[in-house]
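As structure tokens, the structure follows; a few thoughts come after it.
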2 protein chains.
Amino acid sequence: MATSTRVDSVSIPSVSELPHWQEVRAPHGLGYRIRLMAQLMSRLFQEKLDPYDLTPFHWVVLCCLWEQDGQATSHICEKLKQVGGTLTGVIDRMEERNLVRRERDPHDRRIWRIWLTETGRELETVLPPLALEVREVAFAGITEAEQKLVSDVVDRAIANLAHP
Amino acid sequence: MATSTRVDSVSIPSVSELPHWQEVRAPHGLGYRIRLMAQLMSRLFQEKLDPYDLTPFHWVVLCCLWEQDGQATSHICEKLKQVGGTLTGVIDRMEERNLVRRERDPHDRRIWRIWLTETGRELETVLPPLALEVREVAFAGITEAEQKLVSDVVDRAIANLAHP
DNA sequence: CCTAAATACTACGCACTCTAATCATCTCTA
DNA sequence: TAGAGATGATTAGAGTGCGTAGTATTTAGG
């Protein structure tokens, strides 16, 4: 512990004393591997969505709207922690595919509310099982206790990163 | 456990009996949250890389080359589990920034080998501490035992997804 | 040898992602 | 009640990321 530095209440070890599993360099670093895991899940999910001409992002927006229809664009951004500019393009393409439609809020004309079409609503019976399939592949052989702990750690990490 | 289905050796519960923490729908689903965690880490890392006009992907390729210089494009793809077409563009931009240069393999002229420039090599003393900073923010307050378990689960998930 | 298949990479089109700049609308205050 | 500032959303431009198709180059089979 000769070369540690103490900042606030967090002990930061020097790189040389990090054990192997927490080396920061890609592709061994945990950061890269978490990113890769998410990427591989996306690839698999995309395969399952291909027949419907949808993308994983469309799924995510649909989930928001199934929970509550007619949300403002900014509400969806907030819920998903996505950047506004990104959503504009995604919703454009969802509108082209007739999954949603935009409508101005009558009380505040700055706000555009996003509403499900019949097509968009009907997908609620089709898509969740596909998402579950991806989950089952990814977490095969991983116990519920382990999944619970990962879920917990992920939530804390997101909170750490939300306002660093 | 009335509505479970048994397929091979994996028990697949129906959606209705899933506990809250493993609901599949975004943004509550673990899949989305893992993706979000990776995304937030990337955003923070990008901020730290801005002064150097680099991106997280450049970091990743540099890590590969620091480990072994002069690798074939396909070796880098394999190590990073990335798609070939993606690497072409990234390496183009790295070449423009004078981080690497391409050279044909004299024994097999189909192969392009990627070599670090002096600039690319010198960044090895600068960038790893930045990556470590991101890690420290993300995993603040998370014990080493918890990190070890997450690392472990992530590896198993990647293996599950590699050839599904 | 000489052609067919395999290999390494590039080109292109579409989709996502980010930042910064812009536009429209609303709100608050002098 | 004008005008300044805040807010909601879009646009523009660069950089991933993926699949498909295409170009060299090498290897293998006859």
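FYI, it's all coordinate maths here, none of it is from the lab. These numbers were taken from a predicted model, which means no experiment stands behind them. Every residue, glycine among them, receives a Cβ derived from its backbone with ideal geometry; neighbour counts consider all protein chains shown.
Every helix of 4 or more DSSP H residues in chain A counts as -39500 (n - 2.57), and over all residues that averages to -17000 deg cm²/dmol at 222 nm.
Does region B:27-70 classify as rounded, prolate or oblate by the C-alpha gyration tensor (a ≥ b ≥ c root eigenvalues; a/c under 1.5 gives rounded; else a/b over b/c gives prolate, otherwise oblate)? It comes out oblate by the Cα gyration axes. Taking Cα atoms only, the orientation of helix B:144-162 departs from the longest principal axis of chain B by about 80 degrees.
The mean sequence distance of close C-alpha pairs (under 8 Å, at least 6 residues apart), as a share of the length of region B:52-127, puts its relative contact order at 33 percent.
For the pair region B:102-137 and region A:85-164, the centres of their Cα atoms are 36 angstrom apart. Dividing the mean sequence gap of close Cα pairs (under 8 Å, 6+ apart) by how many residues chain A holds gives a relative contact order of 15 percent. Rounded to the nearest 10 degrees, the angle from helix A:84-96 to the longest Cα principal axis of chain A is 40 degrees. Running Debye on chain A with equal point scatterers at the Cα sites and no solvent, what base-10 log of I(q)/I(0) appears at q = 0.11 Å⁻¹? So the normalised log intensities work out to -0.64. Computed from Cα positions, the angle between helix A:127-138 and the longest principal axis of chain A comes to roughly 20 degrees.
Simple spin-label estimate for A:ALA162 and B:ARG101 gives 5.0 nm between the two label positions (7 Å along the Cα-to-Cβ direction from each Cα). Within the protein assembly as shown, the proportion of Cα pairs with more than 25 Å between them is 58 percent.
Sorted ascending by nearby beta carbons within 10 Å, beginning with the fewest, A:LYS148, B:LYS48 become A:LYS148, B:LYS48. Under 20 Å from a point 7 Å along the Cα-to-Cβ line of A:THR125: which residues of region A:46-62 have their amide N that close? Answer for region A:46-62: A:49, A:51-54, A:59, A:62. Per residue, the convex hull spanned by the Cα atoms of region B:52-127 measures out at 85 cubic angstrom.
Apply 1/(1 + (r/R0)^6) to the Cβ-Cβ distance of B:TRP115 and B:SER151, taking R0 = 30 Å, and write down the FRET efficiency to the nearest 0.05. Computed FRET efficiency for B:TRP115 and B:SER151: 0.40.
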